[in-house]
Structures are given as structure tokens and as C-alpha cells.
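Visitor: My questions all concern the structure below.
The values are calculated or read from the model by the stated rules, or taken from the named source; none is laboratory data. From a predicted model like this one, the values you see are computed outputs, not experimental measurements. Every residue, glycine among them, receives a Cβ derived from its backbone with ideal geometry; neighbour counts consider all protein chains shown.
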Amino acid sequence: TTQCMNLGTLQYLVIDEADRTLDEGFEGDLRQLKSYLDEKQSYFGANIQKKVLVSATLNEKVTKLSYFILNNPKIVSSKNSLCDWNPSEKPNEEVQKVPENTDDAEDHVPKKKKVKKDDGKHLPFLFPDTLEQRFITCSPKRKVVAMFALLYWIFTKDRSDTETKKVIVFSNSFSCVDFFALVAPLLKNPYRRNAKTGEDERLLENIKFFKIHKEMSQLDRASSRDAFVGSTRSVLFC
């Protein structure tokens, strides 16, 4: 099947969880894949436009792989300070260090020391300071309850039904996605009753629920994605 793929139109190469992939011994496979893609791209006269390597940690193995996979990489970091890894410095094995008092030393000075602070050529892209990262600690059997309680808090904390709010919930299996998408609209709030019917109101009122997983057809996934993007108050399970 791979031999039938037309790699001449390949535009994006994304390697996720690079550190875990390397820890499991797939470095050789990744290098072989990259060489194969370069060979095919050269044959078709095309080039990959974007390459992304995602890793939770930046260790020596990931750094070496990044210089093999990427070209002039940019760092996207959640830290407010510069990462320890400097994109202008290659791993020690691949670069001969030159004393600073030689004529060629200037070419080997890390770019972050040469670039002005507001230049940004080799500075990492940072997430905005307004982004909040929080977590809840609970026992495994209470995870589902905690998740729906968190959703309830998110959508009701300001008591506004007009403000745009969207939430994406990631699950570890498509069966969980189906279950959450099925149960979410059915949950009741025992502390709020409908004055006319006397029945408990929905826990997550006036909220739309969508789902995406690998067992869905491409058409259904695209439909869910577009509906979620076009909505104002919604949850996407995936």
C-alpha cells in the first residue's frame, strides 16, 4: 500500500510524542522514514512545506533527531523563559567547538546571544500569559463525575447563556467518546427544577455536544468539526 502512495503532494510531516517514540526504540525507523521521504520528494520535485516535531521533553536524543528531521526549527514552549535547547546550537557530537578568540568564533556563538530581544528570530514561541492550566486530583472511579462537574462549572460560573464557550474533551478510546456524547445530554440537575413540568432540568442546559473518533466516517467527522466550529456553547468529545 505504501508503494502506491503519491508522496509528491505531501505538504506536512508531523511527529508526535517524539521522546516516547525514541524511548521505545524507533529512532532508526524515523530516520529511515525521513530518508525515504526525502528520496521520493526529490524524485517528484516537491518539498514538504511544514515539519512539526512534538515532544514533552527536550533531551539529547530528541535534539539530535530534530536536526535530522527539521530545518531551522522554531521552538514553541509553555515556559515563560527560554528553553535550555537553543535552535542555533547543534548537539556536541555534530559541531566542533571553536574558541571565542578565533576568527570563526562569531559563527559559533549561540544565536540567542546575538539576536536582539525584540528580533525574535531564534526565540521560542510562548503560550500567552492569559492561558490558565489547571488540574483536578481524584480517584479513577470519580474521573467521569469530576469531568462533568468541571463542565458544569465552566458553563455556569458566570450564569451567561450568550457568551461563547467551547470545550474539547480528550478520551483514551472511541467507546468512551460515544459514551460521553450519549450521556452528557441526559444528565439531570437535582437542585434545579422546571417550574412548569416539575422535572429536574438538564445539568448542561443549552449546550450542544459533538463527537469525533476514528470509527466515524470522514464525512461524519467533518460534519461534527464544522458544527462545533460554528457553535457558540458546545462540547466536543474526541
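Visitor: Just to check your reading of the model, which residue among N72, N86, N80 is at pLDDT 75 or above and part of a loop (DSSP other than H, G, I, E, B)?
Guide: Going through N72, N86, N80 in turn, just one is at pLDDT 75 or above and part of a loop (DSSP other than H, G, I, E, B): N72.
Visitor: Does region 102-112 contain any residue that is surrounded by 10 or more Cβ atoms within 10 Å (Cβ to Cβ), among the basic types (K, R), at pLDDT below 75 and in a helix (DSSP H, G or I)?
Guide: Yes: one or more hits.
Visitor: A further question on this structure: Taking the conditions exactly as written (in contact with a Ser or Thr (Cβ under 6 Å, 6 or more places away or on another chain) and either among the charged types (D, E, K, R) or at pLDDT below 85 (or both)), does D19 satisfy them or not?
Guide: yes
Visitor: From the set of residues in region 148-205 that are assigned to a loop (DSSP other than H, G, I, E, B) and hydrophobic (A, V, I, L, M, F, W, C), which is farthest from R221 (Cα to Cα)?
Guide: By that ranking, first place goes to A195.
Visitor: Which condition from (1) surrounded by fewer than 15 Cβ atoms within 10 Å (Cβ to Cβ); (2) more than 20 Å from V144 (Cα to Cα); (3) touching a strand residue (DSSP E or B) at 6+ places or on another chain (Cβ under 6 Å) is the one that P190 breaks?
Guide: Going through the list (1) surrounded by fewer than 15 Cβ atoms within 10 Å (Cβ to Cβ); (2) more than 20 Å from V144 (Cα to Cα); (3) touching a strand residue (DSSP E or B) at 6+ places or on another chain (Cβ under 6 Å), P190 breaks only (2).
Visitor: In the list V95, V54, which residue meets the criterion of being modelled with pLDDT under 85 and surrounded by 10 or more Cβ atoms within 10 Å (Cβ to Cβ)?
Guide: Just one listed residue meets the conditions, V95.
Visitor: Suppose we filter region 12-30 for residues that are of a type outside the set (A, V, I, L, M) and in contact with a helix residue (DSSP H, G or I) (Cβ under 6 Å, 6 or more places away or on another chain); how many remain?
Guide: Summing the residues that are of a type outside the set (A, V, I, L, M) and in contact with a helix residue (DSSP H, G or I) (Cβ under 6 Å, 6 or more places away or on another chain) in region 12-30 gives 1.
Visitor: Given the conditions (1) modelled with pLDDT of 80 or more; (2) surrounded by 10 or more Cβ atoms within 10 Å (Cβ to Cβ); (3) more than 30 Å from Q133 (Cβ to Cβ), and given that G28 satisfies all but one, which numbered condition is not satisfied?
Guide: (2)
Visitor: Report the residue count in region 162-195 for those that are among the charged types (D, E, K, R) and in contact with an Asp or Glu (Cβ under 8 Å, 6 or more places away or on another chain).
Guide: So the count comes out to 3.
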